[in-house]
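Have a look at the structure below, then the notes.
The values are calculated or read from the model by the stated rules, or taken from the named source; none is laboratory data. The model shown is predicted, which means the values in this text are computed figures rather than measured ones. Positions of Cβ are generated from backbone atoms using ideal geometry, with glycine treated the same way; all protein chains shown enter the neighbour counts.
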Amino acid sequence: MIHIIGDSFAPEIFRQAARHVGIPLCGVEEAQLVFICQDVETDADGTRHMERARYLVSKALMDSAALVVVTSQVEPGFTRKFNTPRLYCQAETLRIKDAFERAIFPEQHIIGCMNPDEPLPIPYWRWIERFPAPMHKMTYEEAEFAKIAINVTLAHQVTLANALSAKASSYGCEWGRIANILRHDKRIGPHAYLTPGDWRESPHLLRDYKTFYETISSNSADA
C-alpha cells in the first residue's frame, strides 16, 4: 500500500498510475511506501525554494515507518542530509502533455540510494516492477544530478533548434523538413527537442538550467 504527498499535478499522476496497476492507496500511517511528489516552488528567474519539500520529507519520516521516495526536483545534496537509508530519491521525468503515459511507460528508473549496492526493499521493488524499464541505482547525488543534466540537455537542444531554424530560414528552407531529417538520425532521435521556442517558459527547464549554471558551477569554481 502506498501514500502519495504533494499539491501539484504530479501527485495525481502517481495516484492514477497506482490505480492503473492495481496498487492500493492508503493513509500515511498504514503505508509501506510514501511518495513525496511536491513540485518545488520556483521564481520567475528559475530560483527554487526547497522549504516545502524539506518539510514534507521530514514529516513523512516522522509520521510513518514506511520507505519514503522523493520525486521532487531537488538539488544535489538534499536527500543525503536526512541521513536515513529508508529515504530514496527517484528522478521523475514527467511532462504535462503526456504525463500519464510517461508514468506508466517510463524509459528508465533513476533511483538514488544511501547504499546503491544493496537490493531495493520489497515494497519499493514491487512498485518498480509494475512499470517495467531499465533500473539505474546510484548515489543520492548522482540521481539528483541526473535530473538536472536531463533538463539542461533539453534546454540546449531548444537553443540549438532556434539557431538552426533561423539559419535555415535565411536560405529559404522549411525547418520542419530539416527537423524531420534530424529525428530520423539514430544519434539524435525521434523525441529530440527540435521545435524552436523559448525554453525559459518551462519552469522545470529554467530551474535546472539556473541550478547548473549558477549554483553547481559556482560551487565547483569555489572548490
Item to check | segment 165-218, residues that are of a type in the set (Ser, Thr, Tyr) and part of a helix (DSSP H, G or I) | outcome: 165, 169, 170, 209, 211, 213, 215, 217, 218
Checklist entry - Is it the case that segment 138-150 has a residue that's outside any helix (DSSP H, G or I), surrounded by 16 or more Cβ atoms within 10 Å (Cβ to Cβ), modelled with pLDDT of 95 or more and among the aliphatic types (A, V, I, L, M)? => result yes
Checklist entry - Mind checking which residues of segment 12-46 are closer than 29 Å to residue 212 by Cβ, without any contact (Cβ under 8 Å) to a residue 40 or more places away in the chain and among the charged types (D, E, K, R)? => result 12, 39, 41, 43
Checklist outcome for this item: Scanning segment 111-137 for residues that are surrounded by 12 or more Cβ atoms within 10 Å (Cβ to Cβ) and over 21 Å from residue 20 (Cα atoms) gives 111, 112, 113, 114, 116, 120, 121, 136, 137
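One line per residue, one yes/no per condition, for (1) small (Gly, Ala, Ser); (2) farther than 30 Å from residue 111 by Cβ:
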residue	(1), (2)
137	no, no
143	yes, no
155	yes, no
178	no, yes
181	no, yes
184	no, yes
Checklist outcome for this item: If we keep only residues of segment 31-63 that are surrounded by fewer than 13 Cβ atoms within 10 Å (Cβ to Cβ) and in contact with a strand residue (DSSP E or B) (Cβ under 9 Å, 6 or more places away or on another chain), then the residue nearest to residue 82 (Cα to Cα) is 51
Next on the checklist: Of all residues being part of a helix (DSSP H, G or I) and touching a residue at least 40 places away in the same chain (Cβ under 8 Å) in segment 109-125, which is farthest from residue 88 (Cα to Cα)? Just the residue, please.
Outcome noted: 123
Item to check | Search result, residues across segment 78-111 that are more than 14 Å from residue 131 (Cβ to Cβ) and of a type in the set (Val, Ile, Thr) | outcome: 79, 84, 96
Checklist outcome for this item: Within segment 74-108, residues surrounded by fewer than 16 Cβ atoms within 10 Å (Cβ to Cβ), at pLDDT 90 or above and not aliphatic (A, V, I, L, M) come out as 77, 81, 83, 84, 85, 100, 101, 105, 107, 108
Item to check | Lone unmet requirement of (1) touching a residue at least 60 places away in the same chain (Cβ under 8 Å); (2) farther than 24 Å from residue 198 by Cα; (3) part of a loop (DSSP other than H, G, I, E, B) for residue 92 | outcome: (2)
